[in-house]
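Chemist: Could you have a look at this structure, given as structure tokens, before my questions?
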Amino acid sequence: MQQQRQRWLAQTLPASAQVLAGLGRHSLSYYLLHQPVLIALAGGLSLLLK
């Protein structure tokens, strides 16, 4: 069972899955970078709609 799992994990991913794997690997960094941007957009939008 362990060898089967190791072979499964050692397989290369298709290009589209590699992009998702990279995003998942660095998800905290992306979250921390985009969160202030989204808050600023929401704040700016709320000021425009007042």
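Chemist: In whole percent, and with a 1.4 Å probe on the protein chains, what portion of the accessible area of the chain is carbon and sulfur?
Modeler: 67
Chemist: With a 1.4 Å probe and every protein chain left in place, work out the accessible area per residue of the chain in Å², rounded to a whole number.
Modeler: Value returned for the chain: 99 Å² of accessible area per residue.
Chemist: May I ask you to evaluate 6.51 cos²θ - 1.76 cosθ + 1.60, the Karplus curve with θ = phi - 60°, for each residue of the range 42-50 and list the ³J(HN,Hα) values in order in whole Hz, giving x for glycine and proline?
Modeler: With coefficients 6.51, -1.76 and 1.60, one gets 5, x, x, 5, 5, 5, 5, 8, 6 Hz.
Chemist: When the helix-only estimate is applied to the chain (DSSP H runs of n ≥ 4, each -39,500 (n - 2.57), divided by the residue count), what is the mean residue ellipticity at 222 nm, nearest 500 deg cm²/dmol?
Modeler: That calculation yields -27000 deg cm²/dmol at 222 nm.
Chemist: Let me know the shape class of the chain, please: from the alpha-carbon gyration tensor, a ≥ b ≥ c as square roots of the eigenvalues, rounded when a/c is under 1.5, otherwise prolate if a/b is greater than b/c, or oblate.
Modeler: prolate
The values are calculated or read from the model by the stated rules, or taken from the named source; none is laboratory data. Quick caveat: nothing in here was measured; it's all calculated off a predicted structure. What goes into the accessible areas is simple: the full protein's heavy atoms, side chains included, and nothing from ligands, DNA or RNA. Shrake-Rupley method; radii C 1.70, N 1.55, O 1.52, S 1.80 Å.
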